[in-house]
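Okay, structure first, notes after.
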């Protein structure tokens, strides 16, 4: 499945939440803590190819996700995403480690999920700052929504949370 998304920096999560509600978005998943584990082999093959293998734990669901490289010819992030629920994230992490994978990055964030029609929006609180992550049906629709929320193309953040958090930690 193709994922189309972009992040925007958020200065005030309360004001943003009010704007989303006024636009008809509803909270699909209340504020919760997510724990993310990004894995790779010893050579860093996935990272070098722009790919990602992630195990995520939340209070209500655990998932494993593969993401392909970000397509370079778009202003927004387009990439293949394959995700499924898992029963035991800790056991899967052990299996992957025993198979030669290593946890390369580990981070947590607080996330609130909003939905409306074909949009899936997350307000994320991370150690690298707060972000609005918008997934939608097309570049055009996502950009229109961004404008309604007060954002423009100059506000686009194409970097991943792992990159943003890695930069913050290295300072």
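Rule-based calculations on the coordinates, nothing more; no lab input. Keep in mind it's a predicted model, so treat the numbers as computed, not measured. All Cβ positions, even for glycine, are placed from backbone atoms using ideal geometry, and neighbour counts span all protein chains on display.
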If you go through 92, 53, the only one that is surrounded by 18 or more Cβ atoms within 10 Å (Cβ to Cβ) and over 19 Å from residue 142 (Cβ atoms) is 53
Whichever residue in region 19-48 is surrounded by fewer than 11 Cβ atoms within 10 Å (Cβ to Cβ) and out of contact with any strand residue (DSSP E or B) (no Cβ under 7 Å at 6 or more places or on another chain) and, among such residues, is nearest to residue 149 (Cα to Cα): 22
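Let's see how each residue does on (1) under 16 Å from the mean Cα position of the chain (by Cα); (2) closer than 23 Å to residue 125 by Cα; (3) outside any strand (DSSP E or B):
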site: 16; (1), (2), (3): no, yes, yes
site: 20; (1), (2), (3): no, yes, yes
site: 31; (1), (2), (3): yes, yes, no
site: 64; (1), (2), (3): yes, yes, no
site: 80; (1), (2), (3): yes, no, no
site: 84; (1), (2), (3): yes, no, no
site: 87; (1), (2), (3): no, no, yes
site: 106; (1), (2), (3): yes, yes, no
Residues of region 36-62 that turn out to be part of a strand (DSSP E or B) and over 18 Å from residue 130 (Cβ atoms), as a count: 11
Considering only residues that are outside any strand (DSSP E or B) and in contact with a helix residue (DSSP H, G or I) (Cβ under 9 Å, 6 or more places away or on another chain), which ones fall in region 127-150? 127, 128, 136, 143, 146, 148, 149, 150
Of everything in region 1-14, what is part of a helix (DSSP H, G or I) and in contact (Cβ under 8 Å) with a residue 60 or more places away in the chain? Give them in sequence order. 13
Only residues that are in contact with a helix residue (DSSP H, G or I) (Cβ under 8 Å, 6 or more places away or on another chain) and closer than 20 Å to residue 79 by Cα: list them for region 106-123, please. 118, 119, 121
